[in-house]
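The block underneath contains the structure these notes are about, expressed in structure tokens.
The values are calculated or read from the model by the stated rules, or taken from the named source; none is laboratory data. All figures in this text were calculated on a predicted structure; none of them were measured in a lab. Every residue, glycine among them, receives a Cβ derived from its backbone with ideal geometry; neighbour counts consider all protein chains shown. Surface accessibility is based on the protein's heavy atoms, side chains included, excluding ligands, DNA and RNA. Shrake-Rupley method; radii C 1.70, N 1.55, O 1.52, S 1.80 Å.
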Amino acid sequence: MDQKVRVRYAPSPTGYLHIGNAQSALFNYLFARHFNGTMVLRIEDTDTKRNVNAGEESQRENLHWLGIDWDEGPNKPNPKYAPYRQSERNEQGIYHKYIQELLDKGYAYKDYSTPEELEEMRERQRANGEAPHYDGRWYGRSEEDQKAAEAQGLKPTIRFHFPEDHEYEWDDIARGHVSFNSDNLGGDFIIEKSDGMPTYNFAVVVDDHSMEITHVLRGADHISNTPKQMAIYEALGWDHPTFCHIPLIFNPKTRKKLSKRDKDTLQFINEYKKHGYLPEAIFNFIAFLGWSPVGEREIYSPEELIKVYDPDRMSKAPAYFDQKKMDWMNAQYIKDMDVEELTKRTMDWVNDGEIDEAKNLQSVPADELKVLLAKTIHVHQRDVNTLMDIAKHAWDYYTVLDQQFDYSQLVDDDKFDNAEVVAVLNGLKDKIANGGDDEDFYSQAIKEVGKDTGIKGRNLYFPLNLAFTGSTSAPQIYEIMAIYSKDTDIELLDRMIAAF
Ligand code: GLU
């Protein structure tokens with residue numbers, strides 16, 4: 001790339017960081033870092049009715065959690081381009097200056113239509129089978145008409161006037177050649193609202209130009225906005241940046257764009273955090289939503305992704321959100337992680353957690369918790385998907401004596417001789433009552449019980465699995481015995497013996 005790359009992620013603080021936002025942020029981040037460019041965070045908060053409290057903060061926190069950072073933004077201003085919030089830029093008159101220029105040059109005009117009139121117009125169009133569009137009723141109106149409207153106390157919006165039958169076309173990094181005709185864009189559009197706030201399509205052009213943005217990577221839902229923005233670039237005599245419209249994320253069930261109303265799908269970044277996903281796994285997962293590197297490999301660290309990222313491989317087709325794949329990917333990261341690191345991550349997750357799986361364990365003293373988690377991880381690192389799964393197992397082990405196991409499944413099973421079951425349980429109890437308390441000892445003790453009694457295979461292991469976990473199928477049972485204290489092991493054996 002010859003030019004110095006400047007890209008931006010420009011969220012509207014209207015809610016929590018959604019996976020679709022995160023996807024835009026992530027591709028901008030990969031683009032900036034891959035080309036040694038600059039990543040800008042700009043807050044598009046001009047739609048004051050839709051802004052939510054802490055929306056901006058949530059964006060920042062969740063981006064940080066994902067490992068996405070930026071070089072310029074509200075908290076890291078470069079004086080050449082600041083401020084980075086559109087509301088502040090508006091207060092400085094940055095947008096209105098250009099609105100005035102467009103008015104003066106005849107590219108824009110005041111529209112005094114009332115909301116009722118506009119609604120009536122659209123109704124009529126719908127009734128005639130036309131697509132709703134602004135019919136240009138205030139274009140070219142006389143000064144007297146405008147004065148009369150002002151005298152009635154009406155406040156105008158300012159509309160951009162499209163030239164007739166004009167093609168807007170661009171070569172999109174992801175979509176290839178795209179073109180729109182000005183006659184099919186819904187008519188002259190509002191660039192300044194009656195309260196003096198610029199609209200998105202206008203402010204974004206002024207900002208991308210004045211912040212010297214070279215590449216605009218954003219969701220494909222903005223494709224139909226791009227010709228409107230190009231019209232403004234053209235009117236102001238500015239070059240437009242290179243566009244890349246990132247594929248939308250689809251729900252595989254509805255085969256439609258993922259919707260915030262799809263309640264069965266986790267789709268906010270804070271939910272991934274809350275449910276014990278690892279940020280680097282989510283980063284990896286999102287990078288594959290609408291893009292893929294050459295070859296079959298799917299696990300890439302953020303650093304590796306920065307290196308192999310190639311914008312020419314952005315896809316055009318929608319990206320299907322696959323929860324199973326996300327779980328699988330998270331599991332791969334868990335499997336590959338150093339036990340000490342994984343223990344620390346799980347501890348932190350428990351300590352920060354707001355859901356029951358985390359809160360339960362917050363009652364365990366820190367030293368004890370650390371040992372409990374390390375042992376649980378030792379048993380389950382290969383079979384869990386999330387930190388939450390680890391915490392659930394740990395809590396089950398911690399509260400084992402409060403649980404009621406259902407022993408009837410073996411008592412009533414003809415394949416198991418009750419006398420044999422009791423012999424196994426008693427045999428093990430004797431061995432451990434007078435022996436060590438670690439995994440190796442327990443493993444050896446079980447083997448010896450097998451030898452002493454001549455009972456082997458599932459007749460040996462099913463009863464023991466049931467005694468210590470409440471289920472006949474369990475991972476290495478001697479590892480689980482070592483999670484509990486020896487007293488607990490003996491108590492669990494006694495309870496089952498009593499049931500037989
Ligand atoms: N504020 C817009 C959004 O959140 C940004 C679109 C753009 O990147 O131009 O969708």
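List of remarks:
- For the range 34-55, filtered to residues that are buried (at least 20 other Cβ atoms within 10 Å of the Cβ) and not in a loop (DSSP other than H, G, I, E, B), the residue that is farthest from the ligand (Cβ to nearest atom) is Thr38.
- Here Trp138 meets the list (1) touching a residue at least 24 places away in the same chain (Cβ under 8 Å); (2) part of a helix (DSSP H, G or I) almost entirely, failing just condition (2).
- When Arg50, Arg89, Arg60 are checked against the criterion of being over 30 Å from Asp348 (Cβ atoms) and within 27 Å of the chain's Cα centre (by Cα), a single residue qualifies: Arg50.
Residue-wise test of (1) assigned to a strand (DSSP E or B); (2) of a type in the set (D, E, K, R); (3) within 28 Å of Ile355 (Cα to Cα).
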site	(1), (2), (3)
Lys253	no, yes, yes
Lys260	no, yes, yes
Lys263	no, yes, yes
Glu271	no, yes, yes
Asn284	no, no, yes
Asp312	no, yes, no
Lys316	no, yes, no
Lys324	no, yes, yes
Tyr333	no, no, yes
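- Residue tally, condition part of a helix (DSSP H, G or I), in contact (Cβ under 8 Å) with a residue 24 or more places away in the chain and open to solvent by 30 Å² or more (accessible area, probe 1.4 Å), over the range 350-395: 9
- Checked against (1) closer than 19 Å to Glu192 by Cα; (2) of a type outside the set (Val, Ile, Thr); (3) open to solvent by 90 Å² or more (accessible area, probe 1.4 Å), Asp171 passes all but a single condition, namely (1).
- Residues of the range 73-82 include none that is at pLDDT 95 or above and closer than 18 Å to Met197 by Cβ.
- Filter result (part of a loop (DSSP other than H, G, I, E, B) and under 17 Å from Gly153 (Cα atoms)) within the range 104-135: Tyr112, Ser113, Thr114
- Subset of the range 219-248 [open to solvent by less than 10 Å² (accessible area, probe 1.4 Å), β-branched (Val, Ile, Thr) and more than 11 Å from the ligand (Cβ to nearest atom)]: Ile232
- Only one of the numbered conditions (1) away from the ligand (no atom under 16 Å from the Cβ); (2) open to solvent by less than 60 Å² (accessible area, probe 1.4 Å); (3) small (Gly, Ala, Ser) is not met by Ser210, and that is (1).
- Test result for Ala149, buried (at least 17 other Cβ atoms within 10 Å of the Cβ) and in contact with a His (Cβ under 8 Å, 6 or more places away or on another chain): no
- One residue stands out in the range 1-14 among those that are more than 10 Å from the ligand (Cβ to nearest atom) and not β-branched (Val, Ile, Thr): the one that is most open to solvent (accessible area, probe 1.4 Å), namely Asp2.
- Complete set of residues in the range 183-199 that are within 13 Å of the ligand (Cβ to nearest atom) and in contact with a His (Cβ under 9 Å, 6 or more places away or on another chain): Pro198
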